[in-house]
Amino acid sequence: MKKLTIIYALLIGIGISSCSSDNNNCLKSKTIDVGVIEELKIVSHKEIYADSNYEIWISTFSSPNGDGIRDTFTIIIIDINNGGEFDSSTSTNAVEFLKSAELKISNECEEIFSTNNINNLTWYPGYQPPQPEGIYNVNLKLTLANDTNIDITDSFEVILTSDLP
């Protein structure tokens, strides 16, 4: 009961909104600076595939403000058996993990990025043309080094923080 009370107090303290039919009785929720949101989103990748050999993770969000932290959409592949890791934003050993890849990023209307270069599976939403804040769709087709074919459709969020000091 003590934990429940603390959690309840915490939720009230961060400003959960609640409205009745009378808008004058709405509790106002607090707004948080997007820079703070970037820091609060600790989970920057989510697992989208796993088997006995590999785990594949993609970005949950990108904040293309040029600070070098979560500015790009990336893919991480973990080789469970050998302990190796491929990070599309920093690794140069793609052939150890991939035979082929195709990455497509789209908004609600159109495809805005596409690559089939296994050495370039990273997208920076701040480049030309810069993309607006919102939810983006990901279609990822991979052939892993062990000939496993994977076709994944998912999404991630772009949070703009470029107006921060």
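Any idea which residue in segment 55-75 is most open to solvent (accessible area, probe 1.4 Å), counting only those that are of a type in the set (A, V, I, L, M, F, W, C) and under 14 Å from Val138 (Cα atoms)?
In the first step, residues of segment 55-75 are kept if they are of a type in the set (A, V, I, L, M, F, W, C); the result is 56-58, 61, 69, 73, 75.
From what's left, under 14 Å from Val138 (Cα atoms): 56-58, 61, 73, 75.
On the way: Ile56: 0, Trp57: 72, Ile58: 1, Phe61: 3, Phe73: 0, Ile75: 1 Å².
Ranking the qualifying residues of segment 55-75, first place goes to Trp57.
May I ask you to list the residues in segment 125-139 that are open to solvent by less than 60 Å² (accessible area, probe 1.4 Å) and at pLDDT 90 or above? Steps first, answer last, please.
First pass over segment 125-139, keeping only residues open to solvent by less than 60 Å² (accessible area, probe 1.4 Å): 125-126, 131, 134, 136, 138-139.
Passing the criteria: Gly134, Tyr136, Val138, Asn139.
Against the definition (surrounded by 15 or more Cβ atoms within 10 Å (Cβ to Cβ) and farther than 14 Å from Thr143 by Cα), how does Phe113 come out, yes or no? Steps first, please.
Working: surrounded by 15 or more Cβ atoms within 10 Å (Cβ to Cβ): yes; farther than 14 Å from Thr143 by Cα: yes.
Taking the combined requirement at face value, the residue satisfies it.
Taking segment 98-138 on its own, how many of its residues are without any contact (Cβ under 8 Å) to a residue 24 or more places away in the chain, polar (S, T, N, Q) and more than 25 Å from Thr148 (Cβ to Cβ)?
1
Does Ser100 satisfy the criteria of being open to solvent by 70 Å² or more (accessible area, probe 1.4 Å) and either of a type in the set (Lys, Arg) or more than 16 Å from the chain's Cα centre (by Cα) (or both)? Walk me through how you get there before you give the answer.
Details: open to solvent by 70 Å² or more (accessible area, probe 1.4 Å): no; either of a type in the set (Lys, Arg) or more than 16 Å from the chain's Cα centre (by Cα) (or both): yes.
No; evaluated as a whole, the condition is false for this residue.
Of the conditions (1) surrounded by 13 or more Cβ atoms within 10 Å (Cβ to Cβ); (2) within 13 Å of Tyr49 (Cβ to Cβ); (3) over 17 Å from the mean Cα position of the chain (by Cα), Asp151 satisfies every one except a single condition; which number is it?
(1)
Consider Leu121 carefully, then state whether it is of a type outside the set (D, E, K, R), outside any loop (DSSP other than H, G, I, E, B) and either touching a His at 6+ places or on another chain (Cβ under 7 Å) or surrounded by 17 or more Cβ atoms within 10 Å (Cβ to Cβ) (or both). Spell out the reasoning first.
Numbers: of a type outside the set (D, E, K, R): yes; outside any loop (DSSP other than H, G, I, E, B): no; either touching a His at 6+ places or on another chain (Cβ under 7 Å) or surrounded by 17 or more Cβ atoms within 10 Å (Cβ to Cβ) (or both): yes.
The answer is no for Leu121.
Please list, ordered by first then second residue, the pairs with beta carbon atoms under 6 Å, 6 or more apart or interchain, first in segment 73-97 and touching a residue at least 40 places away in the same chain (Cβ under 8 Å), second outside any strand (DSSP E or B) and of a type in the set (Gly, Ala, Ser).
Pairs that qualify, where the first residue is touching a residue at least 40 places away in the same chain (Cβ under 8 Å) and the partner is outside any strand (DSSP E or B) and of a type in the set (Gly, Ala, Ser), are Thr74/Ser88; Thr74/Ser89; Ile75/Ser88; Phe97/Ala145.
When both residues are 6+ apart or on different chains and their Cβ atoms are under 8 Å apart, which pairs have a first residue that lies in segment 143-156 and is farther than 12 Å from Ile56 by Cβ, and a second that is of a type in the set (Val, Ile, Thr) and in a strand (DSSP E or B)?
Qualifying pairs under 8 Å: Thr143/Ile150; Asn149/Thr143; Thr153/Val138; Ser155/Ile135; Ser155/Val138; Phe156/Ile58; Phe156/Ile135; Phe156/Val138.
The values are calculated or read from the model by the stated rules, or taken from the named source; none is laboratory data. Small disclaimer: the values here were computed from a predicted structure and weren't measured. Note that each Cβ is placed from the backbone with ideal geometry, even for glycine, and that neighbours are counted across all protein chains shown. What goes into the accessible areas is simple: the full protein's heavy atoms, side chains included, and nothing from ligands, DNA or RNA. Shrake-Rupley method; radii C 1.70, N 1.55, O 1.52, S 1.80 Å.
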